[in-house]
């Protein structure tokens, strides 16, 4: 089967890859595997998973690594770069030529490429720069200008500095200890590099904190940024839900995205960086979540009840016939209240409007006044609000606080007409407890590890 025929087949494959070389590169290890089927399908930004420990190991989880390079040698080779962080990566570092490993890939979504020649800035942190060099080659094929900005804690942890200087239009290096290049963080030089290179698009890969800061600065200049996240991965194929992170979709709804299948490449502005590691209360499927259309319908119904003066409601002004108003003190049918009771009715109605905004079914009638006509003293039932008195199915909106998520969608404030009645105080307390606990559901499994940081 020719490489073209292999490339025509979509999707990852699981193969037995033969180790060609394992060599030391400063603080890291570079491993080259013979895997023609994976090499033919590869696109920059994708990754592979390797089974570690051999056939009799207790380490059941594979390790995920970004693909650094592919070559046509030996039918097709794949190279990865990793650091030793635990037993799994230590076992990989000890492999020798002709060892056979179980390899699955290529996995994940690749970097999107620009249609026209543009100025591209590639930002890498540590050995997170490894997948950027294959991307740079593709960008140059499309006529793009490529600038590099690499950073790490020390000089021996900068990966690919010589390659960046040889292949890029420019290459800036920064280290925290000043042992190579400028002293400081990658983000300290980002403004200058953007100005000097007239950057049109940014691609970044590295630690999550770095990706967050790069995204913030890119948005300041209104520059699109594509990030390859280093999130914890266990299975690598979207089954275990270990690598999820909150991402805002094109419809404005936050969803918990599986970075192994929906990523690892995302638009930087769509990732909710401050909420990584949690399940935001407004994320799709979170406790108390409801569709925006339903929330809007409920809010519209509430506003109509409180302001429109529907029959049987108490409004401060503009009441319809049959509504008990604070000013007029008129009961149903337009009949005047008994003398001496109008002020009392007005005072009680004003108090109700201030606390609940509507006369409940069980509310008493002021002494000396006439009750409303049959059927006019009941609240209209709004779909989705039944059972709220028992604290069941009530969203975080019931706490009376309008909340704006990072998605930019403002959750409507609860109108005074829908505040909990005195006999519903217990249910409201439970609502507050449930709303506050929604963010605590983002615990990760202990067996997970960062992509490229496999233990």
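Out of the stretch 161-174, which residues are in contact with a helix residue (DSSP H, G or I) (Cβ under 8 Å, 6 or more places away or on another chain) and within 13 Å of residue 124 (Cβ to Cβ)? Lay out the reasoning, then the answer.
Quick first cut of the stretch 161-174, residues in contact with a helix residue (DSSP H, G or I) (Cβ under 8 Å, 6 or more places away or on another chain) only: 163-164, 167-174.
Listed by number, the residues that qualify are 163, 164, 168, 171, 172, 173, 174.
Take the conditions within 24 Å of residue 214 (Cβ to Cβ), surrounded by fewer than 22 Cβ atoms within 10 Å (Cβ to Cβ) and within 29 Å of the chain's Cα centre (by Cα) and apply them to residue 142. Does it pass? Steps first, answer last, please.
Values: within 24 Å of residue 214 (Cβ to Cβ): yes; surrounded by fewer than 22 Cβ atoms within 10 Å (Cβ to Cβ): yes; within 29 Å of the chain's Cα centre (by Cα): no.
No; evaluated as a whole, the condition is false for this residue.
Checking the conditions here, which among 222, 188, 274, 262 is out of contact with any helix residue (DSSP H, G or I) (no Cβ under 9 Å at 6 or more places or on another chain), part of a helix (DSSP H, G or I) and surrounded by fewer than 19 Cβ atoms within 10 Å (Cβ to Cβ)?
Of the residues listed, the single one that is out of contact with any helix residue (DSSP H, G or I) (no Cβ under 9 Å at 6 or more places or on another chain), part of a helix (DSSP H, G or I) and surrounded by fewer than 19 Cβ atoms within 10 Å (Cβ to Cβ) is 188.
Could you check how many residues of the stretch 239-262 are over 11 Å from the mean Cα position of the chain (by Cα) and free of Cβ contacts under 8 Å to residues at least 24 places away in the same chain?
Within the stretch 239-262, residues that are over 11 Å from the mean Cα position of the chain (by Cα) and free of Cβ contacts under 8 Å to residues at least 24 places away in the same chain number 4.
Identify, by number, the condition in (1) closer than 24 Å to residue 122 by Cβ; (2) under 14 Å from the mean Cα position of the chain (by Cα) that residue 213 doesn't meet.
Of the numbered conditions (1) closer than 24 Å to residue 122 by Cβ; (2) under 14 Å from the mean Cα position of the chain (by Cα), the odd one out for residue 213 is (2).
If you check 167, 187, which single one turns out to be closer than 23 Å to residue 82 by Cβ, without any contact (Cβ under 8 Å) to a residue 40 or more places away in the chain and not assigned by TED's automatic domain parsing to the domain that holds residue 46?
None of the other options fit; the residue is 167.
Looking for whichever is over 29 Å from the mean Cα position of the chain (by Cα), under 30 Å from residue 14 (Cα atoms) and at pLDDT 95 or above here; the options are 95, 87. Which one fits?
None of the others qualify; the one that does is 95.
The values are calculated or read from the model by the stated rules, or taken from the named source; none is laboratory data. Values in this document were obtained by computation on a predicted structure and should not be read as measured data. Cβ: placed from backbone, ideal geometry, glycine included. Neighbour counts: every protein chain shown.
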